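First the structure, in the form of structure tokens, and then the observations on it.
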Protein chains: 2
Amino acid sequence: MEELQALWDRYKEAVRSGGNPQALYQEMVWPALVARWKEAPNVHPRREAFAVSVHTLGTSPEATILAILGAGAERVYVLHTRESASYLERLQKETGKPIYPLEVGKSDVAAIYREVKRILDQHGDVPVALDLTSGTKAMSAGLAVAGFFFRRFYPKARVVYVDNEDYDSELRRPRAGTERLIILQDPHEVLGEVDALFAKELYGRGEFAQAARYFQKMVGATGDGRWTLYQSLAEMYEAWHALNFPEAHKKGSGLLDKLAQNAWLNHPLNRSRDLLEKQVSLLEAGKAFLEGKDLGHRRGVGAVARTLLHLGEKEHRPLLAALYAYRALELLLQERLYRYGRLADQPNLTPEEEAALRNALAEILGEPPSAVEVPKKLGLLHLIGLLRLLGDPLLAGKPAGELRGLGGVLQARNTSLLIHGFEVPTGRQVGALKGLAKDLLADLDKELGPAVSLEPLPLGF
Amino acid sequence: MEELQALWDRYKEAVRSGGNPQALYQEMVWPALVARWKEAPNVHPRREAFAVSVHTLGTSPEATILAILGAGAERVYVLHTRESASYLERLQKETGKPIYPLEVGKSDVAAIYREVKRILDQHGDVPVALDLTSGTKAMSAGLAVAGFFFRRFYPKARVVYVDNEDYDSELRRPRAGTERLIILQDPHEVLGEVDALFAKELYGRGEFAQAARYFQKMVGATGDGRWTLYQSLAEMYEAWHALNFPEAHKKGSGLLDKLAQNAWLNHPLNRSRDLLEKQVSLLEAGKAFLEGKDLGHRRGVGAVARTLLHLGEKEHRPLLAALYAYRALELLLQERLYRYGRLADQPNLTPEEEAALRNALAEILGEPPSAVEVPKKLGLLHLIGLLRLLGDPLLAGKPAGELRGLGGVLQARNTSLLIHGFEVPTGRQVGALKGLAKDLLADLDKELGPAVSLEPLPLGF
């Protein structure tokens, strides 16, 4: 070290006395520097045993020679331009290692990225040093962008570069002896931004279980506790969408408690606290209704029916969307029937009522009353017929012709491939079901007050 | 241009005659170069109207001055180190623009990445130039990594740098007049690697509709037709998982045709052609069975039941997993009953058979025969009882006690919150259902030959 300092001072003096800076450097300084790096390269934070190294090469072969020696790999790739090809021989000679050259355009970020990706694909299981010291900024950028991004798949890849602690601006050179090979932190990892992006995309698509897992991982990776709150939020929606109201309510109330704590008053989710409170209160109503199985708990019925309809909207597989819509419709009909003191699975019809129901259904279906069956447990169409008989304001007001179109799909519930049959309903059939269920829900809302949005809270990032 | 060339020649001569290269450059060349860039900067491929520019700054303020002039933005951020702070005043003076300085550590990739992200978050809706010309390689890398990655959200951001077409290695300077500001291609976009990653993750998670959309997008973004084959594959699984066998079969056979074409013989999916053929043939069997509703089509029944069980395994919401398992079990029981010439929804029991069934069920349930109901359409438990009576080898061989544990969950099908009731089954209950269904499927497999894996094909990238 002291030896290099002395050499540098003598070199500087020689340049000032009018010598050629380049030639003098090669003669006076460089041999000692290379000798030193062959013996003990200066690597920060510590030396690693790389099996492969990849280097961009521009007009400063010296830095690349140091990087090759610092990485110490046996397999060395060099991404060079047409101009810098002339330095390849020198690299080989001075490092004593075979060099695998790859020519790229000096501004072709994509080509460098592609080459780096290809090398990583080949050597994904061993430690690879990606050195961006030399070459144009475009070359270095291409290498860094590829290196940091593909660490997701090849975690043994490291991006490195030769820095110097002191730059002599008079000589336009790093002062010899202050060079060190730095292993760079992966910014994607440090800041968790790629995971944040994944989590956000998953959350936005309603993949809440997966989003929660990413948020959880990010707490560890970034040391930033704010992600735990996002994890709770995603877990709340996950349970809610699995119709597990007690679990969803627990997660939601826990989150509200946390957001009220001093540490999290500025958490982005607090900007949507109002909506979160309404959603948690909806979950509480749904939970109470399901626990008590009390069709008189109208807020609870509304909460569950709204959830079923929401899930039906989000579900792109028609079979499942139909199931949600059928159940939402049935639940809303059950609630209305309960207002008349009746239950769908024990309607206790008088013979007169049964005859009247047969006639009412015959009118809707356009069939003779004798062809209509009235089972012990009423199906969807029977519930509608009975409610019309009982004078339900909304259903009695609908003309029989309008309901006739629905007759088929209402009776088809049991022939679904997911229930007892072999049919897959079409999107149009599902739409008709949803339409009627939405009418009933809107009618219930008139009584319960403004509807709460079930859309997931904005994440605020 | 010619004027600059003449200046350069005179400058070079002056340096050779022993003048100070730095001082002479500032005096002889630089003023003309700046004047030229103020008037008509050289931008490749063409000038853009940037509203904001962000620059890393090291020991070459000249290049940054050109970059600021080339970007032409009114709001200019400069990421500088403690050492390069001294150049800030010069930037401001020579460009005539106010500069917003941000100090960063010269090797702190993460800090630069964070600052760039923050600036993009603030100015996401206007064109931003991110210039990596000056500064250490770590600084440039941090800027490039952030800039290219966050273009997903801020597509108006561009990564740029000042390159030169001719570097004078004697003077260690770009030859004046050959500098140009290059707007770099985004390598993630050019190669579609980020989208490929997303598509792969989605595919791996069974989000086939979304994966198909990414693959489709990539065809346009990369111009690489091989992604269309992945799109078809994802669409096949999407339809299959929606139990739409005809559509899935159509997609699968179309894909097989394409893979046999000359252009795609080396497509990675051809490595799994064998499995794909088996899956497509399974889809064909399922399709034929559902179209003909023929329980005698055992391969078709097997295909649909295996699919239902597979979906039940993949589904993490217990309510839906239960539905799949119930239906798989029922279908397999229906098929077995059909071997005895009976149908579940029209069992045509003789009075003797009905009495015997009542007794058989009473034994399983541990209840008196008088408490057992036998409805017109047989439920799961009745089917099992009847098959035992009829001498089904597998079911008659199971002791009544073993089936008793299943009695509750078999009868609970209709009380599910998704069917007619308010219950959410537990994972354990679903497990018991699956267990019996798997036994029956394995028994069917003995006859049909080795089972085909329903796991999605490996993508090979």
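The values are calculated or read from the model by the stated rules, or taken from the named source; none is laboratory data. These numbers were taken from a predicted model, which means no experiment stands behind them. Heads up, the Cβs are rebuilt from the backbone with ideal geometry, glycines too, and the neighbour counts pull from every protein chain shown. Side chains are part of the model used for accessible areas, which takes the heavy atoms of the whole protein and leaves out ligands, DNA and RNA. Shrake-Rupley method; radii C 1.70, N 1.55, O 1.52, S 1.80 Å.
For segment B:81-226, the ratio of Cα radius of gyration to the globular rule of thumb 2.2 N^0.38 Å stands at 1.30.
Summary of the geometry: segment B:52-97 and segment B:231-279, compared by the centres of their Cα atoms, lie 54 Å apart. For A:TYR77, which sequence-distant residues (separation of 5 or more, or a different chain) have an amide H within less than 5 Å of its own amide H, given hydrogens modelled in the peptide plane? Result for A:TYR77 returns A:SER53, A:VAL54, A:HIS55, A:TYR100. Shielding of peptide B:145-153 by partners, expressed as the average count of other chain Cβ atoms within 10 Å per residue Cβ, is 5. Counted over segment A:2-190, the DSSP beta bridges are approximately 25% antiparallel.
Evaluating kT/(6 pi eta Rh) at 37 °C and 0.692 mPa s, with the Kirkwood radius of segment A:261-402 over Cα pairs in the Stokes-Einstein relation, gives 188 µm² s⁻¹.
On C-alpha positions alone, give me the angle between the axis of helix B:30-39 and the longest principal axis of chain B, in degrees, nearest 10. For helix B:30-39, the angle is close to 50 degrees.
Taking 7 Å steps out from each Cα toward its Cβ at A:ALA35 and B:ARG172 produces label points 2.3 nm apart. Surface calculation, 1.4 Å probe, protein heavy atoms: B:PHE50 sits at approximately 10 Å² accessible. Seen from A:GLN210, the other residues with C-beta closer than 12 Å to its C-beta sum to a net charge of -2, counting Lys and Arg as +1 and Asp and Glu as -1. In sequence order, segment B:267-275 has phi-based couplings of 4, x, 5, 5, 5, 10, 4, 4, 5 Hz under the Karplus curve 6.51 cos²θ - 1.76 cosθ + 1.60, θ = phi - 60°, and Gly or Pro positions carry x.
Can you tally the net charge around B:ALA263? Count Lys and Arg as +1, Asp and Glu as -1, for every other residue whose Cβ sits under 14 Å from the Cβ of B:ALA263. Charge balance in the 14 Å sphere: 0.
Counting only residues at least eight positions apart within a chain, or on another chain, the aspartates and glutamates with an alpha carbon under 19 Å from that of B:LYS438 are B:GLU313, B:GLU315, B:GLU330, B:GLU335, B:ASP392, B:GLU402, B:GLU447, B:GLU455.
Placing dummy labels 7 Å off each Cα toward the beta-carbon, the span from A:LYS293 to B:LEU102 is 6.1 nm. Residue by residue along B:182-189, Cβ atoms of other protein chains within 10 Å of the local Cβ number 6 on average. Summing both sides, how much accessible area is buried between B and A? Use a 1.4 Å probe and give Å² to the nearest 100. In total, chains B and A hide about 7300 Å² from solvent.
Which net charge results when you count Lys and Arg as +1 and Asp and Glu as -1 among the other residues whose beta-carbon is under 13 Å from that of B:GLU373?
Details: positive: A:LYS376, A:LYS377, B:ARG358, B:LYS376, B:LYS377; negative: B:GLU354, B:GLU367.
In short, +3.
What the Cα convex hull of segment A:150-263 gives, in volume per residue, is 150 Å³.
Taking the C-alpha atoms only, the angle from helix B:2-16 to the longest principal axis of chain B is near 70 degrees.
Across chain A, the convex hull enclosing all Cα atoms gives 198 Å³ per residue.
Between B:GLU103 and B:HIS80, the built amide H atoms are under 5 Å apart, and every one of these is 5 or more places off in sequence or on another chain. The relative contact order of segment B:41-104, computed from alpha carbon pairs under 8 Å that lie at least 6 residues apart in sequence, is 34 percent. In this simple spin-label approximation, A:GLN92 and A:GLU313 carry label points 7 Å from Cα along the Cα→Cβ vector, and these lie 6.8 nm apart. Averaged over its residues, the protein assembly as shown has an accessible area of 41 Å² per residue, based on protein heavy atoms and a 1.4 Å probe. For segment A:122-133, the Karplus equation 6.51 cos²θ - 1.76 cosθ + 1.60, evaluated at θ = phi - 60°, returns couplings of 7, 10, x, 9, 10, x, 10, 9, 10, 9, 9, 4 Hz by residue, with Gly and Pro reported as x. When the pairs A:LYS12/B:LYS93; A:LYS200/A:LYS251; B:LYS250/B:LYS434; B:LYS200/B:LYS446; A:LYS287/A:LYS434; A:LYS117/A:LYS156 are compared against a 25 Å limit on Cα-Cα distance, A:LYS12/B:LYS93; B:LYS250/B:LYS434; B:LYS200/B:LYS446 fall above it. The helix-only estimate of mean residue ellipticity at 222 nm for the protein assembly as shown, built from DSSP H runs of length n ≥ 4 each weighted as -39500 (n - 2.57), is -18500 deg cm²/dmol after division by the residue total. Here the relative contact order of chain A, from alpha carbon pairs under 8 Å that lie six or more residues apart, stands at 10 percent.
When the solvent-accessible area of the protein assembly as shown is split by element, carbon and sulfur atoms take up 49 percent of it, the probe being 1.4 Å.
If you take the Cα atoms of the protein assembly as shown, find Rg, then find the Kirkwood Rh from the mean of 1/r over all pairs, what is Rg/Rh?
Details: Rg = 36.3 Å, Rh = 32.8 Å.
Here the Rg-to-Rh quotient is 1.11.
The stretch between A:ASN359 and A:ARG16 holds 112.2 nm of extra length on full extension. This uses 0.36 nm per residue minus the Cα-Cα distance. With a Förster radius of 45 Å applied to the C-beta separation of B:LYS278 and A:GLU3, the computed FRET efficiency comes to 0.05. Here segment B:2-190 was treated as a single set of alpha-carbon atoms; its pair distances binned every 10 Å from 0 give 10, 37, 35, 15, 3, 0 percent. Accessible-area rank, largest first, for A:LYS314, B:LYS106: A:LYS314, B:LYS106, with all protein chains present and a 1.4 angstrom probe. For segment A:313-380, the fraction of C-alpha pairs more than 17 angstrom apart is 55%. Averaged over the residues of peptide A:199-205, the number of Cβ atoms from other protein chains lying within 10 Å of each residue's Cβ is 2.
Amide H contacts of B:HIS44: B:LEU181, B:ILE182, B:ILE183, each under 5 Å away and 5 or more positions distant or on a separate chain (H built 1.01 Å from N in the peptide plane; Pro and chain starts excluded).
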